[in-house]
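Before any comments, here is the structure.
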Amino acid sequence: MSLILEDVWKSYPMRHGRRDILCGINATIRRGDAVGVLGRNGAGKSTLIRVMAGVEAPTRGRVRREMSISWPLGSGFGVQSSMSGADNARFIARIYGQDVRETLDFVQEFAELGPYFYEPVRTYSAGMMGRLLMGLSFSVKFDCYLVDETLSAGDSRFVERCRRMLEDRLGQASLLMVSHFADHIRQYCRTAVVLRNGLLEFYEDLDEGIAAYQRL
């Protein structure tokens, strides 16, 4: 099972034409891989992960998903602010064919929102929203987890809880983490790629990849 990018291009319209962000990327992420994607701000890391997740379609090329792929962990994709946290959990459960009661119990326990779990999401503070998003993200067991930047929802205790949960899931799944912080990549990943000028440079040696990024 793999996540395969075949000649993937992504561009956006600008005032004076289109700007290419991804320029013909070819890559394969296999089950069990733990890959860190490093790049400077504006290099296209978040664009890459959105294309992998299917949140955005490539301008050209193809993304083949032969395993289940998470949305970017902790992101708000698909969350409806007018619905309660519980209603959003029910929606996720039905979309992914999971037991609704089990999903509700997991998200409620993980996010620790108390009675606010049954209130509209638009009433949540930023910290509460972050805890809900991480609970929803971990409520589904994916073959491959996508992480955009870091697991920084909530206080240090909750961040540690997210870290332990992710490490537990990675015993049976793949990881692709994008970041411009080398320490985050070292903590979770075994190999690295550097995103530069719209292309990926692959490094089997993690330290070598981090050193190449730091030279940018």
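The values are calculated or read from the model by the stated rules, or taken from the named source; none is laboratory data. None of the values given here were measured: they were computed from a predicted structure. Glycine gets a Cβ as well: all are built from the backbone with ideal geometry, and neighbour counts include every protein chain shown.
For the reader, a short list of remarks on this structure follows.
- When residues in segment 188-216 are screened for being of a type in the set (Gly, Ala, Ser), over 12 Å from residue 35 (Cα atoms) and either at pLDDT 95 or above or out of contact with any Leu (no Cβ under 6 Å at 6 or more places or on another chain) (or both), 2 of them pass.
- Taking segment 27-41 as the range and being among the polar types (S, T, N, Q) and at positive phi as the test, no residue passes.
- Just so you know, in segment 166-186 the residues that are over 12 Å from residue 73 (Cα atoms) and aliphatic (A, V, I, L, M) include one that is surrounded by the most Cβ atoms within 10 Å (Cβ to Cβ), and it is 185.
- Among the residues examined, residue 143 qualifies as under 15 Å from the mean Cα position of the chain (by Cα) and surrounded by fewer than 21 Cβ atoms within 10 Å (Cβ to Cβ).
- Applying the criterion of at least 1 residues that are over 22 Å from residue 145 (Cα atoms) to the strands (runs of 3 or more DSSP E) found wholly in segment 17-95 leaves 17-30, 60-65.
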